[in-house]
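Please treat every number below as a calculation from the coordinates, not as lab data. Predicted model only: the values in this text are computed from it and were never measured. We place every Cβ from the backbone using ideal geometry, glycine too, and count neighbours over all the protein chains shown.
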Amino acid sequence: MKILGLTGGIGMGKSTASRSFRRRGVRVFDADAAVHELQRKGGRAVPAIGAAFPDAVTDGAVNREALRRAVLGKPEALKVLERIIHPMVRQEQRRFLARARRDAQRLVVLDIPLLFETRRGHEFDAVVVVSAPASVQRWRVLRRPGMTEERLRAILARQTPDAEKRRRADVVIETGTSRHNTDRAIRRLVRRLKGETRA
């Protein structure tokens, strides 16, 4: 089974790429979705996050905005949160891979936003980076509810620069033009990796 790592900066098109992989019948592990599940009411991460950040838990669930405020611009607080979350996400990932192997999947994708930041580039058969011009990225991100220039700067400061991601990628998928072009590039990639001959 081939394992692709999918990554890219905020607003670069990981969600669009993931949907395209799924349309090709490729199973995708979404690290962000796993985090949401861990932090929802009754989620496994809620007790530990509540102990470390009491103001970030309300009615048995993590208030993501309150948690964001608790760690934004605070490297030590962020490290505490990562020590809680990352091992749990890795456990969910191992379960995903075990199911995929049991089901004899030929190709799977792990969608991991901080793949390079967490030094995981060596774990995959190939790393796919989605990338768009900085102007497109900024336009996409600032359209999101609650997003500000200050918050965007703080997020980008945590992320490996796009140029460095592109340099370290095995495959770069350009997402700055149209979804059709992105989808076509992923279709070709999937066919190549599965050993199919058609483009």
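Wrap a convex hull around the Cα atoms of the chain, take a quarter of its surface area, and give that in square nanometres.
Orientation-averaged projected area of the Cα hull: 11.6 nm².
Please report the projected area of the range 91-164's Cα convex hull averaged over all directions, in nm².
6.7 nm²
Compute the signed sum of charges (Lys and Arg +1, Asp and Glu -1) over the other residues within less than 15 Å, Cβ to Cβ, of L142.
My count for the surroundings of L142 gives +4.
Using the Cα centre of the chain as origin and beta-carbon charges of +1 (Lys, Arg) and -1 (Asp, Glu), tell me which of H36, V127, G50 is placed farthest towards the positive end of the dipole.
Sorting the options by dipole projection puts first V127.
How large is the helix-only mean residue ellipticity at 222 nm for the chain, computed as the sum of -39500 (n - 2.57) over DSSP H runs with n ≥ 4, divided by its residue count, in deg cm²/dmol to the nearest 500? Walk me through the intermediate numbers first.
On the way: 9 runs with 103 residues, N = 199.
That calculation yields -16000 deg cm²/dmol at 222 nm.
On a C-alpha basis, how far is the centre of the range 1-31 from the centre of the range 73-137 in Å? Whole number, if you could?
10 Å
Name the lysines eligible as straight-distance cross-link partners of K41: C-alpha to C-alpha under 25 Å, and not fewer than 8 places from it in the same chain.
K79
Which of the lysines could a cross-linker span from K194 if the Cα-Cα distance has to be under 29 Å and same-chain partners fewer than 8 positions apart are dropped?
Straight-line reach from K194, under 29 Å: K2, K14, K165.
Find the centroid of the Cα atoms in the range 41-55 and in the range 170-184, then give the distance between the two in whole Å.
The distance from the Cα centre of the range 41-55 to that of the range 170-184 comes to 38 Å.
Can you tell me the 0 to 90 degree angle between the C-alpha axis of helix 14-23 and the longest principal axis of the chain, rounded to 10?
50 degrees
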